[in-house]
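Okay, so here's the structure we're looking at.
Each value in this text was obtained by applying a stated rule to the coordinates, not by laboratory testing. Predicted model, so just to flag it, every value in this text is computed and none were measured. Quick reminder, even Gly has a Cβ in these numbers, built from the backbone with ideal geometry, and neighbours come from all protein chains shown.
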């Protein structure tokens, strides 16, 4: 199978950058191989669609706004009252699977996996770097692990997901529109310059 | 190198062990760590620091803070040069470079001081009156001369090498000001567990308490509170941070001067940081500014606010004068007299009040001469103050009488009371209200999330500030949802001294007695606005406070009314015979305190000024030596030059070869919208002017959509992929607008339709393959699609695979050639391009860019951005026959208004030059041949190109009469350049009008 080429391929310089200090403030990693689909439904079919999805994905669907539901490597983002996004490994074949499971009378499925570039940001200075791009209160009391927000970075739509804590430092995924991804990634790097950062290959 | 002859050997809050070298106007001096530039200059006996805005009068240091009106300097050099910095706010560092402003050839001898001799000609509004004649355009000649003569510092023209950054921050409670009220507020809020941010614009916390002698009870109190605050993990303390604006929704603008106190920022450190802080609640404890009193020549270097004199002594151990006159109308300023006297200065207090009361007696006991019922009428000396004239004074009328006498001195410290800093409150709407008892404006109704505490509310006593601040902090935290208890904060007995405000009597003016010629009494020292200017404005009818400000330039630039506003209002009130609150006050706009534009821009500069948008083929295009062109945010392939080719040679070659073999162009920038749902066909039928319900699965159709007002919004093709699934494309330019339009319709006009629209522009990469060999190439590359005309006709859509790559193939043409658009998931775009290039070799495939794309479509008369510019109707585009008469659609009602369908409107035509060597330029106005040329003429040229197929320049345009003008000769004119090109009006389809090539 032909390889998916990232929007950052050939441009993101791997290695250590920014100010010299003990340990990088943040680590950037391009997250490949993730699929993303949007499921949208009609005003009277929401519960039915959610039931189908819960069964198909084996996910207990969260009712909490701005919180994801997860099962294994599948993550469900309730992005709008009548829409949610589902991220999973490409091998799951989300689009085909859900298109069969959901008749158009209940809802529709749109493939978005190639439309987003997912950049994982981790390290002790993650929140400081993100605060330079996102107008979102990332304090753990307000935005705990499992939170996500549809927001904007440099006036371009972007989604931010607080994945978990790892080794005492937060791990975030930033979903960027593919065509803006390189430009916005360069902006993230510039914002990380003062903290020192590593771009992992 | 000068010595610090005015520096005391003890006291102050400085570090004498760290000597710092700096220069002012090229001369070397030394200061110590903890100095400001102003304190270091004063320590060295430098009192003349600048020249005034208009009259070029010598000016000195007036204050010790952000309100400094005259001690403005230019710091640093090269790209780091920063003009108009108050010397009082510039922290000293090793190697600091500062220069005075607005003086030539030198500060001591400024040629333009001659302006002072023609003062009557330079009164308020002088340039409106004096420089308008004698000719109509005289001002154009005068303006550059006046601009050079007047003004402040000059901005750097070189690139600033430093970084600036912008950051978002959040707090439950924002506390503005780190004085006693602010510290107490932050402590109370912090103890409750609320997330608190305390912002203080000076480097140290303590506010006005830092003006007290070092080492006493105030320092102990500050230390204990700050230590507790620093120990609270939920409290962020930002020093060197100015809160310059209050905005909607609890949003505040802050600028942190991260590295301004260093010769250059550390590695990775920004010079300044712009913080957009969103707060649940805010306690404003911004303090107050001492008010001057206008008297003759009150701008002479050596005239200083009394609080500033005390600050220089107690913060910086600098004695600003040795023989000092202190002119006051209140008790509070006596503290300055006491401290200066204790420091060894000879001090005389001129108290404007009839009776100085107990404080005057206390002064007398300390061998300080107190002269009550008098005023300083004027200063004398050149350029520095060498003495004053004082006279008996009626504080109620401002009139001096019964002669005068002179008194030698080298410093005049003046205190006319205090003005609360109400700007952050007024920025949110509520007007400040006049407090007659304190003779000052105080905040009115507390706006939205704000509360005020301390001196900015008119409470000048330290103990009151602490108590108010603590209560306000606790209340704000509670409102923000904190549940902890703030406990108590005891006010030490030593901080309960009277503030003297009860003994305050306002003094708005000092009118000289008979026998003394009236001198300029400045109200706004920065902008050279005096009492006489306000009188002149009043005489000429500028009685509203807003007009007064603009006519006289009062409160402009960095001054912003800090020292001048209330005095000017009082002058106008007196002239109009009304009370001050009846005159009103101007609101304070942000930024009240100057902030650099670099900080506001932050990191959004250069390539980050706006984001760059790249197609999925971008890297591959780079590898093909593509030259890109900016189209909105997109980087689009412009042309692919071969050796020695410029854009003109390249696109002509590309255009020719597309028509001869086959070309490939990146069309990923087209807007792409996924339309799905049981009502999708109905939705499209309502959006487009033409019918959509009959479109078969596997077919595409060209569509035009209108705005509500009937003008053409956009065009594009939409393909039916399955029963309820459509793939809609838009033009590159209108993609976002169309998406927004469709969402708006579904959410507001037709919520009953079961349709979802989703932008998939980023999901799909696409190329167009155009030319006689296009079909053969694709048939080679895609094995699971039958490309025969019978099974895959024009406007057909098929899905298949190019190797492993899933593709959607649409048989469409924008070039008039046999052509296909091929889309694949964006991550496979490079692989697809490689695939096509490899298969293309045997079919003579070339790459072409948007320049050739434009030439091909203009030859065919296809419309694009130049024609769909929001001003044209279907009739203008000669596409009215597309509009269905059998159904309503967006814009269907308003598009048939008589003015929209009138034959007088310019209609789309093709244009060819009569002289085939002539070039038609974009934007040319179309006029009757040989005139007369009138106004907008017959129409305009919308798109132009050189046509390789026709061998000459061609154009599309709009001409009144449209098709009926075909065959006529008209003139295309370019008035700015004087160009006139005779053109023939022809049909828009200038190449292959029968469309034979389209079908291969």
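Can you tell me the convex hull volume per residue for region B:796-896, based on C-alpha atoms, in Å³ to the nearest whole number?
Cα convex hull per residue, to the nearest whole number: 164 Å³.
What angle do you read, to the nearest 10 degrees and between 0 and 90, between the alpha-carbon axis of helix B:217-231 and the longest principal axis of chain B?
With rounding to tens, the tilt is 30 degrees.
With axes computed from alpha carbons, what is the tilt in degrees of helix B:462-479 against the longest principal axis of chain B, rounded to the nearest 10 within 0 to 90?
Tilt of helix B:462-479: around 30 degrees.
Principal axis extents for region B:900-1000, Cα atoms only, whole Å, descending order, please.
Cα spread of region B:900-1000 along its principal axes, largest to smallest: 46, 35, 19 Å.
Just want the ordering: B:820, B:93, B:393, from fewest to most Cβ atoms lying within 10 Å of their own Cβ.
Taking fewest neighbouring Cβ atoms as first place, the list is B:93, B:820, B:393.
So what does the Cα-only Debye profile of region B:290-418 read at q = 0.10, 0.11, 0.12 Å⁻¹, as log10 I(q)/I(0), no solvent term?
Values returned for q = 0.10, 0.11, 0.12 Å⁻¹ are -0.26, -0.31, -0.37.
Report the gain in length on full extension from residue B:784 to residue B:148: 0.36 nm times residue separation, minus Cα-Cα distance, nm rounded to one decimal.
Here the segment from residue B:784 to residue B:148 would lengthen by 221.4 nm.
What's the ranking of B:846-859, B:484-497, B:865-878 by average number of surrounding C-beta atoms within 10 Å, highest first?
B:846-859, B:865-878, B:484-497
Place a point 7 Å from the Cα of residue B:894 along the Cα-to-Cβ direction; which residues of region B:709-733 have their backbone N under 18 Å from it?
B:709-715
Between region B:99-113 and region B:440-460, how far is it from one alpha carbon centroid to the other, in angstrom?
Their Cα centres are 41 Å away from one another.
Can you give the calculated 222 nm mean residue ellipticity of chain B, where each DSSP H run of n ≥ 4 adds -39,500 (n - 2.57) and the sum is split over every residue, rounded to the nearest 500 deg cm²/dmol?
Here the helix-only value at 222 nm equals -6000 deg cm²/dmol.
Starting from the Cα-Cα distance between residue A:60 and residue A:165, subtract it from 0.36 nm times their residue separation and give me the gain in nm to one decimal.
Extra length available between residue A:60 and residue A:165 comes to 35.6 nm.
At residue B:693 and residue A:13, where each label point lies 7 Å from the Cα along Cα→Cβ, what is the point-to-point distance in nanometres?
In this crude spin-label approximation the distance works out to 6.1 nm.
Under a plain spin-label model, where a point goes 7 Å from the Cα along Cα-to-Cβ, how far apart in nm are residue B:804 and residue B:159?
Those two pseudo-labels are separated by 4.3 nm.
Distance between Cα centroids, region A:155-186 to region B:385-427: provide it in whole Å.
Answer, in whole Å: 60.
Can you say what percent of the DSSP beta bridges in chain A, counting only those with both residues inside, are antiparallel? Round to 5.
Of all bridge pairs located within chain A, approximately 90 percent are antiparallel.
Just to verify a number: FRET efficiency for residue B:629 and residue A:155, C-beta to C-beta distance, R0 = 22 Å, to 0.05?
The pair residue B:629/residue A:155 has a calculated efficiency of 0.50.
How crowded by other chains is A:105-112, given as the mean number of beta carbons from other chains within 10 Å of each beta carbon?
Mean shielding by partner chains, rounded to a whole number: 6.
Helix-derived [θ] at 222 nm for chain A: sum -39500 (n - 2.57) over DSSP H runs of at least 4, divide by residue count, nearest 500?
Calculated mean residue ellipticity at 222 nm is -6000 deg cm²/dmol.
Given the convex hull over the Cα atoms of region B:678-803, what projected area results after averaging over all orientations, in nm²?
Spelled out: convex hull of the Cα atoms, projected over all directions, averaged, 8.8 nm².
Take the Cα pairs of the protein assembly as shown, get the Kirkwood Rh, then feed it into Stokes-Einstein at 37 °C and 0.692 mPa s and tell me D in µm²/s.
Answer from the Stokes-Einstein relation: 94 µm²/s.
Within 10 Å of each Cβ in A:113-120, how many Cβ atoms from other chains are there, averaged over the peptide?
Whole-number average of other-chain Cβ neighbours for A:113-120 is 4.
To the nearest 0.05, how large is the calculated FRET efficiency for residue B:485 and residue B:448 if R₀ is 25 Å and r is the Cβ-Cβ distance?
Efficiency at R0 = 25 Å is approximately 0.45.
Rounded to whole Å, give me the distance from the Cα center of region B:697-766 to that of region B:485-562.
Rounded to whole Å, the Cα centres lie 62 Å apart.
What is the log10 of I(q)/I(0) for region B:138-281, computed with the Debye formula using one identical point scatterer on each Cα and no solvent, at q = 0.11 Å⁻¹?
-0.55
Could you tell me, in Å, what Rg and Dmax come out for the Cα atoms of chain B?
Over chain B's Cα set, Rg and Dmax evaluate to 37.5, 115 Å.
Hey, what angle do you get for helix B:647-660 against the long axis of chain B, alpha-carbon based, 0 to 90 degrees rounded to 10?
Once rounded, one gets 30 degrees.
Rounded to the nearest 0.05, what FRET efficiency do residue B:494 and residue B:9 have when you use their Cβ-Cβ distance and R0 = 25 Å?
Efficiency, rounded to the nearest 0.05: 0.45.
What percent do you get for the relative contact order of chain B when only Cα pairs under 8 Å and 6+ apart count?
Value for chain B: 9 percent.
Under the 0.36 nm per residue contour assumption, what length would be gained going from the current alpha-carbon distance of residue B:262 and residue B:248 to full extension?
Length difference between fully extended and current span is 1.6 nm.
Which distance in nm do the two modelled labels at residue A:137 and residue B:969 give, with both placed 7 Å along the Cα-to-Cβ direction?
Distance between the two pseudo-spin positions: 7.5 nm.
So what are region A:34-113's ellipsoid semi-axes, whole angstrom, largest first, if each one is the square root of 5 times an eigenvalue of the alpha-carbon gyration tensor?
Listed largest to smallest, the semi-axes of region A:34-113 are 17, 15, 11 Å.
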